[in-house]
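Undergrad: Got a structure here, written out as structure tokens. Questions coming.
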Amino acid sequence: MSGMTHILSAARLNRLFLAGELSAVEIAESALSRIAKVEPQVGAFLHVAAEHVLDRAKKLDARRRAGDNEFGPLAGVPIAVKDNICTCGMETTCASRMLKGYVSPYDATVVERLRASGAMIIGKTNMDEFAMGSSGEASAFQTTRNPWDLERVPGGSSSGSAAAVAAGEVPLALGTDTGGSIRQPAAFTGVVGLKPTYGYVSRYGVVSFASSLDQVGPLGHDVEDVARLFEVIAGPDRRDATNAGRTPPELKFGGDPSLAGVRLGVPRELFGQGIDSGVKARVEEAIRQLEDLGATVEECSLPSTEYALSAYYVIALAEASSNLARYDGVRYGFRAAQTGGLTEMYSKTRGEGFGAEVKRRIMLGTYVLSSGHYDAYYRKAQQVRTLVVRDFERAFERFDALVTPTTPFTAWRIGEKIDDPMAMYLGDICTIPVNLAGLPAISVPCGFVDGLPVGMQLIGKHFADAQLLQMAWAYQKVTKHHESRPVLTEEGGR
């Protein structure tokens, strides 16, 4: 059993640990063994904390042997954490040269809650630098590969977290989602990814990209596992001014899956031009299965969606420009060598420390905030954001949730779009409106096109995350897509 733990759910691992059928050390060693076998091909981790996780496992085992029954819902479960989430004792680099070697003196709130629940943090996962990217190719250190096709991207920016789950290295991982950075890689790698309602999960200790959009969320194979992790990390936190102070309801799954009485809307704008025919077909099949479960499905409209992508990139880049101003070579982080005056030191440090995509976004963000352009771009984008919010409010007067593709196409080949940022940005067209409105959304696997996973996105009302998870659970109970696993060998073949 211990050699096969990589195929077990987090819930099953927790039960086996609590029952004494598997020790935490056996679970940790199995996960480390799996990582050693497939990581050379996948490249999901920037740092594997082998000593830390084994020490943690030994302490959990000692507690259980001593008769301690006060364990949390993730006790004995190995979990990976995206590298923009602060972890005391481990590097937090945001996959950037700017923060290489930085070890946070404190844990992010979500990490504190993982530790309190008994989870074993096994390492930090790769990502697009400072969470700015949609493919995983913008990391300063390595390119993560999609376990379903090692020549393709896993999506981004939570590339390593999604790939680590898909490859069976961990059953659960944390990512962050600013414009689709949990859901898009979840769709590309065939796993479940939840972007919670903005403010449900604390952002304290999470390195900011765009403060009004960022949200931490879970990735896993199974909706119940994802819900379990969400329950652990969500809730009030006075250290985060953007936290809503709400405690999530206790989630229970069981009985016959049913969506009787559920009203689902299908936004026509997100099923039209630009959506790959194969992706559209898989999502339409999934919608018919939702109807078979008892849901009522009708077409609806989100007319401002066509402007959402432009508004998002103005707002997100403006906030990124402000947030990343702190990396100047003075206070902390990388500093360029052999500089002259202060201005040259700033320029060389930021020029050498940041990658191309981050520099592009900082420059664009600075431009839209500059004198003479603020009203034309930033203010206008915020007005469009209000229109997007109102579109959703009107839709939710009629519907309990909305259904869309998670992405307009499946994973592309590594290098295929790296020189065409606009083509890459268009991959977020289905996910971005959700972040602008601060809504919850979940991506669940709904089939394959040419051997590559496709994701269906369910979008819910504010703080209706529990209902959204129940809908996703019902769908997953009558389908088998989430049970499919990519085949990886120690030699790196498929």
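Undergrad: Which lysines does Lys252 reach when only Cα atoms under 16 Å apart count, and residues fewer than 8 places away in its own chain are ignored?
TA: Lys477
Undergrad: Rounded to the nearest 500 deg cm²/dmol, what is the calculated helix-only ellipticity per residue at 222 nm for the chain, with -39500 (n - 2.57) per DSSP H run of length n ≥ 4?
TA: Mean residue ellipticity, 222 nm, calculated: -11000 deg cm²/dmol.
Undergrad: Extension gain Thr242-Thr339, at 0.36 nm per residue separation less the Cα-Cα distance, in nm?
TA: Result for the pair: 31.1 nm of gain on full extension.
Undergrad: From the square roots a ≥ b ≥ c of the eigenvalues of the alpha-carbon gyration tensor of segment 74-214, which class results: rounded (a/c under 1.5), prolate (a/b over b/c), or oblate?
TA: Rounded, because the longest to shortest axis ratio a/c is under 1.5.
Undergrad: Here is a follow-up. Of all alpha-carbon pairs in the chain, indicate the percentage at a distance above 30 angstrom.
TA: 42
Undergrad: Another one. Once you sort the root eigenvalues of the Cα gyration tensor of segment 191-334 as a ≥ b ≥ c, which label holds: rounded (a/c under 1.5), prolate (a/b larger than b/c) or oblate (the other case)?
TA: oblate
Undergrad: A 31 angstrom limit on the alpha carbon distance is what I want to check against. Which of Lys59/Lys124; Lys37/Lys359; Lys59/Lys480 exceed it? Walk me through the numbers on the way to the answer.
TA: Numbers: Lys59/Lys124 21 Å; Lys37/Lys359 35 Å; Lys59/Lys480 37 Å.
With Cα atoms farther than 31 Å apart: Lys37/Lys359; Lys59/Lys480.
Undergrad: Give me the number: length gained by fully extending Glu298 to Ala423, i.e. 0.36 nm times residue separation minus the C-alpha to C-alpha distance, one decimal in nm.
TA: 42.0 nm
Undergrad: Further, regarding this structure: Between Val330 and Arg360, what is the label-to-label distance in nm when each label sits 7 Å out along the Cα-to-Cβ direction?
TA: 3.0
Undergrad: If you take every DSSP beta bridge whose two residues both sit in the chain, what share of them, in percent to the nearest 5, is antiparallel?
TA: Percent antiparallel among DSSP bridges in the chain is about 70.
Undergrad: How many angstrom lie between the Cα centre of segment 331-353 and the Cα centre of segment 103-124?
TA: About 32 Å separates the Cα centre of segment 331-353 from the one of segment 103-124.
Undergrad: Dipole size in debye (nearest 20) for the chain around its Cα centre, Lys and Arg Cβ +1, Asp and Glu Cβ -1?
TA: Numbers: 52 positive and 57 negative charges, 184 e Å.
Roughly 880 debye for the chain.
Undergrad: Same structure again: Quick one: check the C-alpha center-to-center distance for segment 433-449 versus segment 127-178, whole angstrom.
TA: Taking the Cα centre of each part, segment 433-449 and segment 127-178 sit 17 Å apart.
Undergrad: Please find the FRET efficiency linking Gln382 to Arg65, where r is the Cβ-Cβ separation and R0 is fixed at 51 Å, and quote it to the nearest 0.05.
TA: 0.35
Undergrad: I want to check the label-to-label distance for Arg288 and Glu416. Put each point 7 Å from Cα in the C-beta direction and report it in nm to one decimal.
TA: A separation of 2.7 nm, rounded to one decimal place.
Undergrad: Right, here's the next one. Cα-based Rg of segment 1-131 per 2.2 N^0.38 Å, rounded to two decimals? Working shown, then result.
TA: On the way: Rg = 14.9 Å, N = 131, 2.2 N^0.38 = 14.0 Å.
Cα-based Rg divided by the globular estimate yields 1.06.
Undergrad: Estimate the FRET efficiency between Arg97 and Ser211 by the formula 1/(1 + (r/R0)^6), using the beta-carbon distance for r and 25 Å for R0, to the nearest 0.05.
TA: 0.60
Undergrad: Got a sec? Which residues in segment 172-198 would a label at Glu483 touch, if it sits 7 Å along Cα→Cβ and we count backbone N under 19 Å?
TA: 190-192
Undergrad: Could you work out the relative contact order of the chain, using alpha carbon pairs under 8 angstrom and six or more residues apart, expressed as a whole percent?
TA: Taking the mean separation of contacting Cα pairs over the length of the chain, I get 17 percent.
Undergrad: Once you order the gyration tensor axes a ≥ b ≥ c over the Cα atoms, which shape class does segment 161-256 get: rounded for a/c under 1.5, otherwise prolate or oblate by comparing a/b with b/c? Present the calculation step by step, with values, prior to reporting the outcome.
TA: Numbers: a/c = 2.17, a/b = 1.24, b/c = 1.75.
Oblate, since a/c reaches 1.5 and b/c is not below a/b.
Undergrad: Considering only Gly193, Ala28, Thr296, whose Cα is most displaced toward the positive end of the charge dipole of the chain, charges sitting on Cβ of Lys, Arg (+1) and Asp, Glu (-1)?
TA: Of the options given, the answer is Ala28.
No lab work stands behind these numbers, since they all come straight from the coordinates. Computed from a prediction, not measured in an experiment: that's the story for all the values here. Neighbour counts run over all protein chains shown; Cβ positions are idealised from the backbone, glycine included.
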